[in-house]
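Data first, discussion second: the structure below is written as structure tokens.
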Amino acid sequence: MSNDKEEATSPSKKNNNKYRRPKPWDDDPNINHWEIQSWDPEKDSLPGGNLLEESSFATLFPKYREKYLREVWPIVTRALDKFSIRCELNLVEGSMTVATTKKTSDPFVVLKSRDLIKLLSRSIPCQQALKILNDDVHCDIIKI
């Protein structure tokens, strides 16, 4: 009881961690809490086995990028086929579309492929834009 009175009378001591209990993995030196774990289709699986719904993203590109995109589109298609992502280049509308398939196992790769087509539409070279598909690379597009 004396401890409770001391804590109540002491204004400098805060009760921030009142309900915080130490977990067994908090002090384990073998666990790296900051490590980014890559998606492994054999080890990691979705609860239903695959994605329930198809997700797709489309991006428009300017007319002057059409020739370059037509040249590099087979490279982009091969890179996205490794992740079971379907991609489409529509030259009539001037748009690029990426979508998941039934074989897609990584749920985050569709967002990375969306960033890929955004980078391609904003004049980033194909080899640089394909780096976004790696787990340790991210991008930010700033609108000015």
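No value in this document is a laboratory result; all are computed from the given coordinates. Source: prediction; values computed, not measured. Heads up, the Cβs are rebuilt from the backbone with ideal geometry, glycines too, and the neighbour counts pull from every protein chain shown.
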By a straight-distance test (C-alpha under 26 Å), which lysines pair with Lys18 as possible cross-link partners, with residues fewer than eight away in the same chain excluded? Lys5
Quick check: pseudo-label points 7 Å beyond the Cα along Cα→Cβ at Thr101 and Ser55, how many nm apart are they? 1.8 nm
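His33: net charge of surrounding residues, Cβ under 12 Å, Lys/Arg +1, Asp/Glu -1, itself excluded?
Working: positive: Lys23; negative: Asp26, Asp27, Asp28, Glu35.
Result for the local shell: -3.
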Violations at 29 Å Cα threshold for listed pairs Lys82/Lys118; Lys63/Lys112; Lys103/Lys143; Lys63/Lys131 -> Lys103/Lys143
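Kirkwood hydrodynamic radius (Cα pairs, Å) of the range 75-132? List each step's numbers first, then the result.
Values: mean 1/r = 0.0864 Å⁻¹.
Every distinct Cα pair counted, the radius reaches 11.6 Å.
So, counting K/R as plus one and D/E as minus one, what does the shell of residues with Cβ under 14 Å around Glu54 add up to?
Values: positive: Arg86, Lys102, Lys103, Arg114; negative: Glu53, Glu88.
Taking every other residue near Glu54 into account, the sum is +2.
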